[in-house]
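These notes concern the structure reproduced below.
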Amino acid sequence: MRSITRWEPFAEFTGLRRAMDRAFVGPTIRTLYRPDTTDLTFPIDLYETGDSVVVRAVLPGLTPDDVDISVHDGNLTIKGETKQDEETKDDGWYRHEIRYGSFSRVIPLPARVSHDKADAQFKDGVLTVTLPKTEDAASKTIKATAA
């Protein structure tokens, strides 16, 4: 006996849509390793509060001494180097994805900041840089009056 299956003409496009979503959105977890390039990078969060700009960068396995931070011309630059702890032979490797070397990322800041009052904290592999906005860049509320 045969069963009747309802044909859904647009169901064929569901797989295509998922593939397109994956292509444009990309992976949800990013690390220092990018298989499509030889460059090292790292994920960041950039947000603005009422009086400062905050950048959080995930830098696993690094210490504050491994990272250099600078602010110049409205850009925050974070650079450093990951080093291999021990030398290993190539024999027996199944995968070798952990990359070592220099990395650098320039992050354009959304507001003018006072770099001399900046604060950087490093905890559990997460670097948090807090940059106070300058007086002219801080958001101000203006009250309108009736004419």
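The values are calculated or read from the model by the stated rules, or taken from the named source; none is laboratory data. Worth saying up front: this structure is predicted, and the values here are computed from it rather than measured. Cβ sites come from the backbone with ideal geometry, for glycine too, and all protein chains shown count toward neighbours.
Restricting region 89-104 to residues that are part of a loop (DSSP other than H, G, I, E, B) and in contact (Cβ under 8 Å) with a residue 40 or more places away in the chain, which is farthest from Gly61 (Cα to Cα)?
Among them, the one singled out is Glu97.
Quick check on my filter: what residues within region 92-124 are at positive phi and of a type outside the set (Asp, Glu)? Before the answer, list the steps.
Filtering region 92-124 down to residues at positive phi leaves 92, 101, 124.
Residues satisfying the conditions are Gly92, Gly101.
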Task: Scan of region 101-123 for residues that are over 16 Å from the mean Cα position of the chain (by Cα) and basic (Lys, Arg), ordered by number - done: Arg112, Lys117, Lys123
- [ ] Any residue in region 105-122 that's in contact (Cβ under 8 Å) with a residue 60 or more places away in the chain: show its pairings with residues that are among the hydroxyl-bearing types (Ser, Thr, Tyr) and surrounded by 15 or more Cβ atoms within 10 Å (Cβ to Cβ) at Cβ separation under 7 Å, as long as the two are six or more apart or on different chains.
- [x] none
Open item on the list: So for region 108-123 (the condition being outside any strand (DSSP E or B), under 20 Å from Phe42 (Cβ atoms), of a type in the set (Asp, Glu) and at pLDDT below 90), does at least one residue qualify?
Closed with: no
